[in-house]
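Please treat every number below as a calculation from the coordinates, not as lab data. What you are looking at is a predicted structure, and each value in this text was computed from that prediction instead of being measured. With ideal geometry, Cβ positions are generated from the backbone for all residues, glycine too; neighbour counts draw on all protein chains shown.
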Amino acid sequence: MSSPFARSALKANTLMRAGGAPMKKSGGTSLNGDARNDLIKKVLFDAPARPPVRLSPEEMTRHETIERAWKLVRQQQKQEQTEGLARKFEMMRKANAELEATSAQLFKHSQTKERHAVFPRQLRTLTDTPPKQIWNYRQPAAATPATKA
Amino acid sequence: MSFRIRSLPVRALDLGLLPKTSPIYHAAQQFREKSTATAAAIGHHSNDLRKKQNSNNSEVSGGNTTLAQAPIYTTGLSRLREHYTTSIQEDIMITSYRHHYKKKKQILEGVKVELKGNKHLKPLPRASSPTDIPELVKIDVHCMMKEAITSKYNLLSGVMAIQSITGETPEIIFAKKGVHNWKLRKGMPIGCRVTLKGDKMYQFLDKLVEVVLPKMKEWPGLPEGSGDGTGNIGMGFPPSALSLFPEIENNFDMYPRMTGFDITFNTTAFTNMDARLLMSGFNMPFQKSNNAGAVRKDPSSGMAKKPDNSAPSDS
């Protein structure tokens with residue numbers, strides 16, 4: 001909502017309201033003299049369309065080459081990823097089959113799933129820089145932090 | 001936090017985010033002059049103003065072509081997608097692995113099956129496979145405003161709020177049936193909804209989990225048993241939660257009405273357990289009950305087992 005159009009329109013409206021100017025009726029969108037609805041309606045539905053980005057043929061080939069190169073990179077990454085997952089899955093399947101052949105009781109235990117198994121709350125998603133304290137070894141695992149910083 | 005800004009210079013020019021001293025600004029200005037000159041010459045106007053953000057189709061006119069809008073995958077890194085693929089995907093694959101697949105009765109196509117009560121048919125879970133790992137597919141943000149019954153322009157505030165939060169223009173939902181007690185007539189605009197996929201979805205989830213949820217007052221987390229049975233999780237927000245989003249916090253006064261909304265996480269998981277595991281991997285907090293030796297359910301044999309530490313926990 002911070003486009004120059006919206007900002008200038010809002011400024012105009014606030015100045016008018018501050019100056020005590022009477023609000024002009026505009027089809028009922030301004031309820032109880034509230035001109036914000038007008039503004040929102042303009043921004044959502046009446047805002048001028050952006051001019052389409054036009055490219056010359058050589059620029060278009062350049063753009064397409066870049067797009068294809070990026071798609072290729074993503075495709076290669078995805079292929080690596082799926083191959084890795086398939087390998088790991090196969091190892092796990094073999095291990096499970098072996099366990100089943102070895103001991104029925106242990107196998108049953110291994111297939112039991114905790115219903116409310118979740119990742120620990122201390123799990124940190126990727127960030128650009130590491131935190132000040134990477135891992136608190138003294139705090140027991142059961143204690144959950146109150147809020148994140 | 002790393003919310004990436006799209007790197008197309010023309011777009012940045014519109015947003016006014018580039019400093020005027022940067023060389024990119026001048027290059028973009030020249031580029032824009034060229035493109036507006038050709039646009040003015042041809043006189044192109046997009047008809048559907050409502051969906052203008054997604055409507056630029058590529059067309060060939062003369063030698064020039066128009067670009068389609070940016071797709072779901074941008075060149076910048078999506079933090080939570082990277083987190084999923086590098087950190088939690090393999091663990092989810094291992095934890096949700098079931099060696100034996102319980103094959104249920106196949107229901108033939110065209111055969112109408114009626115269940116007792118309000119139950120409905122659920123999709124059959126598939127056997128575990130490396131390609132079938134629970135993944136977040138889309139997020140639905142939906143807002144219904146009762147005030148829109150008295151005046152449909154009340155809905156504008158909700159639409160604007162959801163657009164600011166998510167970055168996509170929501171579609172307006174019209175009532176399918178009338179309810180006399182609430183003075184609702186069929187066809188009245190009553191709510192709005194937007195579906196987020198790909199990068200936008202991960203960005204929104206990032207905002208939720210890092211900024212909004214920690215600031216919510218006395219919110220203990222999602223219920224322990226949440227889930228709809230087919231691997232989707234829904235949650236609702238009160239109107240006060242809307243003011244916690246950074247986009248709305250900055251210009252709070254521009255929104256006439258604060259409204260609550262609800263969010264549905266659609267995943268490719270088949271059970272509630274898998275869905276919860278997936279969402280907790282994105283730091284979505286779930287409530288924990290106090291009994292340590294809780295009875296656990298074994299999906300393959302259906303009997304209560306004595307507790308054992310089979311669930312792997314990792315950092």
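For A:K41, B:K146, the sequence from fewest to most other C-beta atoms within 10 Å is B:K146, A:K41.
Stretching A:D128 away from A:E90 to a fully extended chain increases their span by 10.3 nm, per 0.36 nm per residue minus the current alpha-carbon distance. Couplings 3J(HN,Hα) of the range B:126-134, computed from phi: 9, 5, 4, 8, x, 9, 10, 8, x Hz, in residue order, whole Hz [Karplus 6.51 cos²θ - 1.76 cosθ + 1.60, θ = phi - 60°; x for Gly and Pro]. Model label sites at B:K105 and A:E59, defined 7 Å from Cα along the beta-carbon direction, differ in position by 6.4 nm. Each residue, A:D34 and A:K71, gets one label point 7 Å from its Cα in the Cβ direction; the gap between the two is 4.7 nm. Database remark: amide H of B:E224 closer than 5 angstrom to the amide H of B:Q287 (H placed geometrically; neighbours at sequence offset of 5 or more, or on other chains; Pro and chain starts carry no H). Distance from the C-alpha centroid of the range A:67-145 to that of the range B:220-274: 26 Å, rounded to the whole angstrom. Residues whose amide H lies under 5 Å from that of B:W219, counting only those 5 or more places away or on a different chain, are absent; hydrogens are built 1.01 Å from N in the peptide plane. On the beta carbon distance between A:R50 and A:E100, with R0 = 60 Å, the FRET formula returns roughly 0.45. Each principal axis of the Cα atoms in the range A:57-110 has its own extent, and those three values, largest first, are 68, 14, 8 angstrom. Expressed as a fraction of 2.2 N^0.38 Å, the value expected for a compact globular protein of N residues, the C-alpha radius of gyration of the range B:181-254 is 1.38. Amide H contacts for B:L184 (H built 1.01 Å from N in the peptide plane; partners 5 or more residues away or on another chain; cut-off under 5 Å): B:V179. Note on B:K103: aspartates and glutamates with a C-alpha under 18 Å away, same-chain residues under 8 apart excluded, are B:D132, B:D298.
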